[in-house]
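S.K.: Before I ask anything, let me first share the structure, which is written out below as C-alpha cells.
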Ligand code: ZN
C-alpha cells in the first residue's frame with residue numbers, strides 16, 4: 001500500500017491545482033483510480049451562494065512567463081507552477097523591471113525558495129521566484145505573459161461514501177487546492193485514499209465519508225449542500241501534512257471532549273507516544289468550517305508538520321524530497337489505529353456486577369493460551385470493574401493505562417463469555 005500512496009503523490013505533484021479549474025478535476029480523476037468505488041464529483045456553478053460565500057469564477061492556466069527582449073524566459077511556469085500567483089488574471093505586456101517589481105514575490109529570508117502565493121478573491125496578477133533569481137534580473141524591459149482564464153465555470157469537489165452497519169458517519173476531509181506542494185495537500189490525499197481502500201476491504205460499523213474539496217470555499221460548498229448529513233457526523237478529522245517527519249499533532253474539536261478527541265488521544269498514546277495534542281483554534285484548515293457555531297460537528301485534525309510552522313511550508317521546498325513513503329505508511333497506520341478505537345468503542349454493563357465474577361468456571365481465567373492479548377487477566381478485571389453502563393472502553397483504557405488492544409480484546413472475550421451486555425443498544 002505505501003508504494004501505491006507514493007505513486008499517487010508522484011502523479012499528482014506536477015498538476016497545477018487551485019480552488020477551481022481543470023487541475024482540481026484532473027486531481028479528482030487520478031484519486032478515483034486508487035479508490036475502491038467511483039468518486040462522486042460535484043460541480044457547483046460560479047455565482048452559487050454557499051453559506052456566506054459565493055462560488056468565484058473558474059481559473060485555468062495554460063502558460064506563463066517573464067522573458068528578456070530576446071525571448072529568453074527568466075521566469076517560466078513550465079518549470080514550476082509555483083511561479084504564478086494562483087488565480088492570476090491574464091496579461092500580455094512589455095514593461096520595465098521597475099513596473100514589474102510590485103508583481104514579484106520572493107522570500108528574502110529563504111533566498112533559494114519560490115514562495116506559494118494566491119489571490120483568489122482580489123483580481124490581480126503576479127509571479128513568485130527565488131530572491132536569488134530576482135537579484136540576478138538585469139534592469140531591462142521584459143515581456144510579461146500569463147495565459148489564463150478567469151471566467152464563469154464551476155467549483156469541483158469529490159466525495160466517497162462507504163456505508164456501514166450504522167448510518168452515523170465518520171468524515172475524513174482533505175483539501176485538494178494546492179499546486180506542486182507535496183506535504184501540504186498531497187500527503188493527506190494519499191493517506192485518505194489508502195484508508196478508503198482499506199476500509200472498503202473489510203466490514204465496518206460506521207459509514208465512512210471521504211471529502212476531497214478545495215480549501216475553505218470547497219468545504220463550505222460541501223457543507224451548504226449537505227446540511228442534512230452534518231447531524232449524522234459522529235466523528236471526523238481533517239487530514240493535513242502527513243508526509244513529513246515531524247511527530248504527530250492532534251488538534252481537538254471545538255468542544256475538546258468528543259469521542260474523536262478521546263479516540264485519537266488513546267490511539268496516539270499507544271502508537272506514537274511522542275505526539276502532541278493541542279486545543280481547537282479557528283485557523284489552520286477546514287476544521288474551522290465543520291466546528292463553526294452553525295454546525296459544531298465533532299471534527300478534529302491530524303497532522304505532522306503544523307500549519308505555517310515548518311520552514312518548508314508554502315514554499316518550493318515542500319517537494320517530493322521533503323516527504324517519504326515511510327512517513328505516509330506511518331500516518332496510514334496511525335489513522336487505522338484511530339479507526340480501530342472508534343469501531344471498537346462500546347459501553348457495556350457487567351452482568352455479574354456484585355463482587356468479582358468467577359472467571360475460572362467460565363474458562364476465562366488463566367486459560368488464555370489461545371490469545372495474544374497482553375495482561376489479559378488484569379484487563380478483564382478493569383473492564384468488569386468499570387462496565388457499569390457509564391464508562392466506555394476508551395475511558396477504561398485511559399483509567400487503567402492499559403493498551404487499547406488489551407482492553408478491547410478483554411471486553412470481547414467477556415462479552416462472548418456472557419459477562420457483558422451492550423448498554424447502548426449494541427450487541428456486537
Ligand atoms: Zn496550505
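S.K.: Does residue 330 satisfy being surrounded by fewer than 18 Cβ atoms within 10 Å (Cβ to Cβ) and not assigned by TED's automatic domain parsing to the domain that holds residue 389?
M.R.: No, not satisfied.
S.K.: Something else about it: Counting only residues that are away from the ligand (no atom under 16 Å from the Cβ) and assigned to a loop (DSSP other than H, G, I, E, B), which one in segment 203-230 is surrounded by the most Cβ atoms within 10 Å (Cβ to Cβ)?
M.R.: 206
S.K.: Give me the residue from segment 284-324 that is surrounded by 24 or more Cβ atoms within 10 Å (Cβ to Cβ), within 16 Å of the chain's Cα centre (by Cα) and more than 29 Å from residue 168 (Cα to Cα) and, out of that set, nearest to the ligand (Cβ to nearest atom).
M.R.: 305
S.K.: Which condition number does residue 157 fail, the rest of (1) in contact with a helix residue (DSSP H, G or I) (Cβ under 6 Å, 6 or more places away or on another chain); (2) in a helix (DSSP H, G or I); (3) away from the ligand (no atom under 16 Å from the Cβ) being met?
M.R.: (2)
S.K.: Specify the residue that is farthest from residue 63 (Cα to Cα); the eligible residues are those in segment 1-17 that are assigned to a loop (DSSP other than H, G, I, E, B) and in contact with a helix residue (DSSP H, G or I) (Cβ under 7 Å, 6 or more places away or on another chain).
M.R.: Step by step, filter segment 1-17, then rank; the result is 1.
S.K.: Here are 116, 142: which of them is within 16 Å of the ligand (Cβ to nearest atom) and at pLDDT 95 or above? Quick ask: steps written out before the conclusion?
M.R.: Working: 142 fails: within 16 Å of the ligand (Cβ to nearest atom).
So the residue among 116, 142 that is within 16 Å of the ligand (Cβ to nearest atom) and at pLDDT 95 or above is 116.
S.K.: Is segment 231-243 home to any residue that is part of a loop (DSSP other than H, G, I, E, B) and more than 16 Å from the ligand (Cβ to nearest atom)?
M.R.: No, there is no match, as no residue in segment 231-243 is part of a loop (DSSP other than H, G, I, E, B) and more than 16 Å from the ligand (Cβ to nearest atom).
S.K.: Follow-up. Would you pick out the residues in segment 287-304 that are part of a loop (DSSP other than H, G, I, E, B) and out of contact with any helix residue (DSSP H, G or I) (no Cβ under 6 Å at 6 or more places or on another chain)?
M.R.: Of everything in segment 287-304, those that are part of a loop (DSSP other than H, G, I, E, B) and out of contact with any helix residue (DSSP H, G or I) (no Cβ under 6 Å at 6 or more places or on another chain) turn out to be 291, 292, 293, 294, 296, 304.
S.K.: Further question: Please specify each residue of segment 170-185 satisfying the condition of being over 16 Å from residue 37 (Cβ atoms) and away from the ligand (no atom under 11 Å from the Cβ).
M.R.: Step one: filter segment 170-185 for residues over 16 Å from residue 37 (Cβ atoms), giving 170-171, 173-185.
170, 171, 173, 174, 176, 180, 182 - these are the residues of segment 170-185 that are over 16 Å from residue 37 (Cβ atoms) and away from the ligand (no atom under 11 Å from the Cβ).
The values are calculated or read from the model by the stated rules, or taken from the named source; none is laboratory data. What you are looking at is a predicted structure, and each value in this text was computed from that prediction instead of being measured. Backbone-built Cβ (ideal geometry, glycine too); neighbour counts: all protein chains shown.
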